[in-house]
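Report on the following structure.
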Amino acid sequence: MRIEVIGPEQAYVRAAVQRASFGRSTFTEDHWHAMAAGVPYADARCLVAYDARGDAVATVTVWSAGPGKPGVLEPMGVRRDHRGQGHGKAISVAAAAALRELGSSSALVCIPSSNTAAVATYRAAGFGTLPEVRGRRRDASSSLRSGSSRAPGS
């Protein structure tokens, strides 16, 4: 397996692998360019894994918060037709190494515990498990008054 840091010339590959990895993804090459043009991407990298035949099979973006601070892997995906072959583990290990090169103190992932395949992949790559934290969510649109351009409480 070959894993490369990709740049603007390979954005189409990164976008295609993400779409093939996540059923509802609408991520495009234009989205990649917009993401890469943002300030947070200065300390981020996108990796793509290629199998022995040269097919792009997995991708991950790593986000560093700066030297001595934690970094995050998000998103990491493996094409549906290439799962179960160790590609997720390999690119996750490479992602942690990329964060180390960026000076990160550690590598974090945040996934629902119900995503058992992802949990198994990250464990295989050497990640530990922290206590589960319940997320909070509310439908922001229900708190906006019809026709109002003000945010609630303003």
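The values are calculated or read from the model by the stated rules, or taken from the named source; none is laboratory data. Fair warning: this is a prediction, and the values are worked out from it, not measured in the lab. Using ideal geometry, Cβ is built from the backbone for each residue, glycine included, and neighbour counts are taken over all protein chains shown. Just the protein is used for accessible areas: all its heavy atoms, side chains included, with ligands, DNA and RNA removed. Shrake-Rupley method; radii C 1.70, N 1.55, O 1.52, S 1.80 Å.
Rg/Rh for the stretch 1-89 (Cα atoms only, Rh after Kirkwood) is 0.96. On a per residue basis, the chain carries 63 Å² of accessible surface, using protein heavy atoms and a 1.4 Å probe.
Which one of Gly77, Gly103, Gly23 has the biggest mean-square fluctuation once the chain is modelled by GNM with Cα springs under 10 Å? Evaluated over the chain, the most mobile residue of the options is Gly23.
Tell me the carbon and sulfur percent of the accessible area for the chain, rounded to whole percent, probe radius 1.4 Å. After summing per-atom areas, the C and S share lands at 53 percent.
Say R0 is 30 Å: what FRET efficiency, to the nearest 0.05, do Glu29 and Asp55 get from their beta-carbon distance?
Numbers: r = 18 Å, r/R0 = 0.61.
The formula returns an efficiency of 0.95 here.
Put Glu74, Glu101, Glu132, Glu4 in order of accessible area, highest first, and with a 1.4 Å probe you get Glu101, Glu132, Glu74, Glu4.
Around the Cα centre of the stretch 1-106, unit charges on the Cβ atoms of Lys, Arg, Asp and Glu (plus for the first two, minus for the last two) sum to a dipole of about 340 debye. A 1.4 Å probe, protein heavy atoms only, puts the accessible area of Leu102 near 40 Å². Helical content alone sets the calculated 222 nm signal of the chain at -8500 deg cm²/dmol, taking -39,500 (n - 2.57) per DSSP H segment of four or more residues and averaging over every residue.
Over the chain, Cα pairs under 8 Å with separation of 6+ residues give a relative contact order of 18 percent. Structure remark: mean-square fluctuation, Gaussian network model of the chain, C-alpha springs under 10 Å; the largest value among Arg83, Arg45, Arg24 belongs to Arg24.
Helix 11-21 and the long axis of the chain differ in direction by around 80°, with both axes built from C-alpha atoms.
Ranked highest first by average number of other Cβ atoms within 10 Å, how do 28-38, 12-22, 118-128 line up?
Details: 28-38: 14.0, 12-22: 19.6, 118-128: 15.9.
Result, highest mean first: 12-22, 118-128, 28-38.
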